[in-house]
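Colleague: First the structure, then my questions, so here it is.
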Amino acid sequence: MREDILLGGPVAFLAEELRLAPPERLLAYQAWWETEGFPLSVAIDRLGTPHLRQFSPHGERVDEVGYPPSYAYLLHAGYSAGIISEVAQRHDLRLSYMLGFITSYYDPGLYCPYTVTLSTWVPLYKYYWGERREEFLSLLGRSEAPFGQGATWMTEIGGGSDLGTHVHTQARRAEGELWHLSGDKYFASNVGADLAVVAARPEGAPPGVKGVALFVVPRLRLRGGLNYYVRRLKDKIGTRSVPTGEVELRHAEAYLIGEARQGIYYVLEVLNFSRVSNAVGVVAHGLHALAQAYRFAQGRRLFGKFLVEQPLFRHELAYHYERLRWAGALAWLSEQWLETVWLEKPPYSERYALFRLLTHLAKFWTAKVALAAAHWCVEVWGGLGILAEFPVERFVRELMVTDIWEGTRHRHLLDGWEVLRRFGLLGQITSLWDLAAVDGSLVPELEAALARPEEEALPYLEPLLTRLAQAIGQLTAAQSNYTVLT
Ligand SMILES: Cc1cc2nc3c(=O)[nH]c(=O)nc-3n(C[C@H](O)[C@H](O)[C@H](O)COP(=O)(O)OP(=O)(O)OC[C@H]3O[C@@H](n4cnc5c(N)ncnc54)[C@H](O)[C@@H]3O)c2cc1C
């Protein structure tokens with residue numbers, strides 16, 4: 001284990017693992033976080049849920065989120081660094097995700113506004129050819145303030161995992177390009193965003209996922225006034241650097257993205273962008289937790305030695321660090337596959353199916369590994385670890401949220417298994433990664449489970465997909481080039 005890398009912050013880890021000479025702008029962004037960003041982020045977390053001001057003194061509905069002024073300063077740093085504009089102008093996804101990695105090292109909640117803005121820009125760029133295309137794209141792709149923000153609102157109260165059953169928001173055609181949306185979104189992060197992509201059901205659409213279409217909803221109506229309303233803000237245990245609210249759509253003006261009957265594909269594309277962000281981001285935050293555990297152990301003297309010198313501490317640190325390296329490799333692998341498939345449209349290639357599988361594996365496994373690292377960090381801090389005045393308990397709070405949003409473990413296990421089975425991907429996987437080199441019995445066990453009826457295979461999903469995720473991560477971490485089919 002390289003302690004200089006562990007203590008060198010997110011850029012040192014990226015440089016080591018991705019084998020790159022870190023660009024100056026990444027170093028500058030990290031330096032800004034160390035000196036200015038992180039103290040602000042800690043303060044915003046401690047303030048708790050911001051208030052919502054729903055009305056102006058004159059009785060107009062305004063729905064303003066009451067963050068302190070320093071929040072805008074914190075938020076603008078990532079936009080100014082190019083986290084969206086570099087994708088919009090140069091299609092540089094890698095730089096965007098690297099900036100996200102740095103952001104999330106310090107504050108995974110703050111990575112959310114950037115993630116959902118990118119996940120809004122992408123479907124607009126790929127599929128929306130209406131009259132307001134240039135206006136919307138340039139709003140989100142700005143490299144200087146004022147920055148436009150996006151949001152991705154799919155989930156309703158019935159359940160986020162099963163959108164086919166629980167998206168009830170209705171879409172009705174209005175005049176020209178306009179539609180009107182009516183319904184309620186129960187989890188709506190980055191409320192206040194200028195544009196949100198929203199899942200809704202056009203009148204007469206079939207039931208289930210096939211009837212879900214994707215729309216873009218501006219914050220303001222064409223003639224002024226709010227186009228969506230924030231009923232309340234969620235009082236969350238973590239990710240407090242992004243406001244999450246309940247949103248009411250009441251004949252909200254909306255524009256259809258692409259073709260209505262392809263909507264569920266666009267929704268999944270949106271989610272996949274965000275899942276890659278989540279995977280990359282949680283590894284960074286888990287790494288920060290390990291660095292904090294290490295720093296504490298350097299100064300804690302127990303049984304005549306500093307904790308950092310105790311063999312059991314060192315053993316456990318090495319264990320978590322190694323798993324985070326593998327998880328990081330899997331996350332960056334999924335990012336690099338995304339770079340090669342993100343412009344594909346349905347029907348997708350087989351390469352896209354493999355990207356989907358990697359993303360399911362990366363989302364659930366990185367979240368698990370990072371959360372385990374955060375728990376361990378709190379444990380290392382002992383009783384101090386559970387005191388809010390030392391912000392290490394925050395690692396657990398943040399990583400509990402990132403474990404759930406963008407799809408829970410069950411969803412990724414079930415969907416990952418479905419992709420693996422339906423597209424018969426095991427052969428392609430074994431031709432790309434020598435799984436037997438790190439886990440001798442994995443391939444025969446996967447083959448045996450895949451041959452079982454689906455119900456009977458269920459108990460094997462988590463152990464086998466965890467081993468598959470780990471094996472691909474481990475092999476990738478050991479390579480000097482990531483295996484990406486172009
Ligand atoms: C802070 C926060 C912000 C969020 N922001 C947004 C946002 O901006 N936009 C948005 O659209 N959503 C957002 N979400 C919602 C998030 O995506 C959902 O919470 C998530 O997808 C899970 O949905 P759910 O909470 O409704 O749980 P459910 O879908 O009701 O699932 C409940 C449990 O059942 C499990 N489960 C589901 N299916 C199966 C099965 N077949 N077998 C076994 N178990 C199963 C799940 O894994 C889970 O453990 C946010 C959530 C949080 C916590």
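The values are calculated or read from the model by the stated rules, or taken from the named source; none is laboratory data. Being a predicted model, the structure only gives us computed values, none of them experimental. Positions of Cβ are backbone-derived with ideal geometry, glycine not excepted, and every protein chain shown enters the neighbour counts. Surface areas here come from the heavy atoms of the whole protein model, side chains and all, with no ligands, DNA or RNA. Shrake-Rupley method; radii C 1.70, N 1.55, O 1.52, S 1.80 Å.
Colleague: To the nearest 10 square angstrom, how much accessible area does Met400 have with a 1.4 angstrom probe?
Modeller: Accessible surface of Met400 is approximately 90 Å².
Colleague: Rank by packing, highest mean first: peptides 15-23, 462-470, 142-150, with packing defined as the count of other Cβ atoms within 10 Å averaged across residues.
Modeller: Averaged packing, sorted descending, gives the order 462-470, 142-150, 15-23.
Colleague: Pick out, from His51, Val191, His168, the residue whose Cα sits farthest towards the positive end of the charge dipole of the chain, with +1 on the Cβ of Lys and Arg and -1 on the Cβ of Asp and Glu.
Modeller: Ranked along the dipole, the leading option is His51.
Colleague: Also, I was wondering about something else. From the helices alone, meaning DSSP H stretches of at least four residues, give me the mean residue ellipticity at 222 nm for the chain, per-run term -39500 (n - 2.57), in deg cm²/dmol to the nearest 500.
Modeller: Using -39500 (n - 2.57) per qualifying helix, the result is -18000 deg cm²/dmol.
Colleague: Also, quick follow-up: Hey, can you rank 104-115, 442-453 by average C-beta count inside 10 Å, highest first?
Modeller: For the peptides 104-115, 442-453, the packing ranking is 104-115, 442-453.
Colleague: Okay, moving on. Please list Val380, Val216 in order of solvent-accessible area, largest first, computed with a 1.4 Å probe with all protein chains present.
Modeller: Val380, Val216
Colleague: On a C-alpha basis, how far is the centre of the range 435-474 from the centre of the range 308-361 in Å? Whole number, if you could?
Modeller: 17 Å
Colleague: Would you kindly compute the Cα radius of gyration of the chain and its largest Cα-Cα separation (Dmax), both in Å?
Modeller: 22.4, 78
Colleague: Can you give the percent of C-alpha pairs in the range 150-260 whose distance is more than 24 Å?
Modeller: Distances greater than 24 Å cover 19 percent of the Cα pairs.
Colleague: Before anything else, pin down the relative contact order of the range 150-260: Cα pairs under 8 Å, at least 6 apart, normalised by residue count, whole percent.
Modeller: Result for the range 150-260 is 31 percent.
Colleague: Pairwise over distinct Cα atoms, reciprocal of the mean inverse distance: report the Kirkwood radius of the range 7-140 in Å, one decimal place.
Modeller: Averaging 1/r across every pair of different Cα atoms and inverting gives 16.6 Å.
Colleague: Moving on. Sort 5-12, 229-236 for me by packing, meaning the mean count of neighbouring Cβ atoms within 10 Å per residue, highest on top.
Modeller: The most tightly packed comes first, giving 5-12, 229-236.
Colleague: Please compute the per residue accessible area over the chain with all protein chains in place, 1.4 Å probe, rounded to a whole number of Å².
Modeller: About 40 Å² of surface per residue is accessible.
Colleague: So for the chain, averaging the separation of alpha carbon pairs under 8 Å that are six or more residues apart and normalising by length, what relative contact order in percent results?
Modeller: 14 percent
Colleague: List the pairs from Lys185/Lys363; Lys210/Lys345; Lys236/Lys368; Lys126/Lys234; Lys185/Lys210; Lys185/Lys345 whose alpha-carbon separation is above 25 Å, in the order I gave them.
Modeller: Result: Lys126/Lys234; Lys185/Lys345 exceed 25 Å.
Colleague: In addition: With a 1.4 Å probe and every protein chain kept in, tell me what percent of the accessible surface of the chain is carbon plus sulfur.
Modeller: The computed percentage sits at 55.
Colleague: Now for a different question. Quote the relative contact order of the range 264-478 in percent (integer), defining contacts as alpha-carbon pairs under 8 Å separated by 6+ residues.
Modeller: About 28 percent, as a whole number.
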